[in-house]
Amino acid sequence: AQRQGGHQFCHYCPTLTLSMDDRLTLGNALHQALTNQEFHLHYQPQVQLSTGNVTGVEALLRWQSPHMGNVSPERFIPVAEDFGLIGLITQWVIGAACEQAYQWYCTLPEPLVVSINVSALDLHFNNLEQVIFGHLQRLGLPPHLLQIEVTETGLVADGLQALDTLTRLREQGIRVAIDDFGTGYSSLSYLSLFPWDSLKIDRVFIQNIHQNVNNQSIVALVIQLAQALNLKVVAEGVEVAEEADCLRNFGCDWIQGYFYGRPLPAHQITSALTSPQPQ
Ligand code: C2E
Ligand code: CA
Ligand code: CA
Ligand code: CA
């Protein structure tokens with residue numbers, strides 16, 4: 001394995017599929033990207049099935065490199081972790097997402113929760129809380145309008161430190177979601193050990209769920225389990241109406257996916273939320 005010691009990253013880790021040259025090129029370009037402001041955020045709506053309302057959005061990082069064009073976060077996040085740049089990138093994401101959350105807080109009639117993805121390594125970086133609370137205080141943004149998404153894979157590396165950080169964030173009112181649930185090093189013990197508000201079911205279980213009886217069983221059971229543990233459920237990667245219908249029947253709380261909307265720049269989200277909804 002290329003990763004040793006405390007960071008046991010997943011078997012499907014995209015870094016491992018890049019050549020050493022590619023990783024070096026990407027790593028150097030990422031340094032530039034931070035100083036040259038080549039990052040921006042897109043936001044994808046999360047729709048509450050019981051009301052049809054958009055009650056949250058997930059911030060997704062976009063990198064437009066002048067040399068390489070658009071580079072997917074699936075490619076560059078693992079490299080950023082390897083090059084020790086993830087902390088700075090996360091700080092940038094938190095700052096930008098909080099500014100936007102504050103804009104929406106000031107202008108939208110209904111509250112909109114903004115979700116931010118944090119890497120496993122960020123949970124070891126003990127500045128995370130100060131960075132988040134610094135922005136909340138500076139802006140006067142209520143903490144419940146911010147959510148942190150963490151993959152369960154990330155928790156394996158150092159469960160206790162992660163538990164500590166997430167617990168303190170949640171005590172202060174930040175919401176905490178377990179991301180990509182059901183993939184990676186799944187362990188049900190993480191469900192009860194950590195202070196989750198919600199659980200995001202990975203899209204591998206959602207794709208074609210209306211035609212896949214096994215995935216129907218899995219998702220129905222995960223939703224029951226979540227309800228028993230008092231967690232809300234978000235289904236990821238909902239692409240067609242049949243999938244959404246199926247999830248509604250199972251009692252899923254929120255859906256996110258191309259069916260309702262792709263990740264978009266903030267201003268497009270704002271216009272979608274402020275223009276009259278078609279019935
Ligand atoms: P994720 O957190 O699981 O985010 C969901 C991914 O699924 C996003 O890919 C989104 O564009 C995509 N997606 C949404 N709806 C659909 C759908 O209906 N069908 C399909 N096929 N895909 C859908 P994206 O934006 O390329 O991000 C990929 C991953 O990169 C994210 O997975 C997350 O793990 C990571 N990532 C993105 N932004 C950040 C960030 O700011 N910080 C960190 N640490 N990781 C990030
Ligand atoms: Ca996520
Ligand atoms: Ca996910
Ligand atoms: Ca994912």
Kyte-Doolittle mean at least 0.0 and Cα axial length at least 27 Å: DSSP H helices in the chain: 86-107
Computed from the beta carbon distance with a Förster radius of 30 Å, FRET efficiency for residue 138 and residue 51 to the nearest 0.05 stands at 0.40
Would you mind telling me the antiparallel percentage of the DSSP bridges in the chain, rounded to 5? 40 percent
Leaving out ligands, DNA and RNA, and with a 1.4 Å probe, what % of the accessible surface on the chain is carbon or sulfur? 51 percent
For segment 20-80, which GluC sites (Glu not before Pro) are both in a DSSP coil and crowded by at most 15 other Cβ atoms within 10 Å? none
Per DSSP helix of 4 or more residues, -39500 (n - 2.57); summed, then divided by the residues of the chain. What does that give at 222 nm, rounded to the nearest 500? -13500 deg cm²/dmol
Can you work out the accessible area per residue across the chain, with the rest of the protein chains kept in place, probe 1.4 Å, in square angstrom? 48 Å²
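Just check segment 178-220 against the gyration tensor rule for me: Cα atoms, a ≥ b ≥ c as the square roots of the eigenvalues, rounded for a/c under 1.5, and otherwise prolate or oblate depending on whether a/b exceeds b/c.
Note, shape of segment 178-220 comes out prolate.
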In whole Å, how far is the Cα centre of segment 101-152 from that of segment 245-262? 24 Å
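Give the calculated FRET efficiency between residue 68 and residue 271 to the nearest 0.05, with a Förster radius of 25 Å applied to their Cβ-Cβ distance.
0.25
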Residue separation times 0.36 nm, minus the C-alpha to C-alpha distance between residue 224 and residue 108: what's the value? 38.5 nm
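The values are calculated or read from the model by the stated rules, or taken from the named source; none is laboratory data. This is a predicted model, so every value here is computed, not measured. Neighbour counts are summed over all protein chains in view; Cβ atoms, including those assigned to glycine, are modelled from backbone coordinates with ideal geometry. All accessible areas refer to the heavy atoms of the entire protein, side chains included, with ligands and DNA or RNA removed. Shrake-Rupley method; radii C 1.70, N 1.55, O 1.52, S 1.80 Å.
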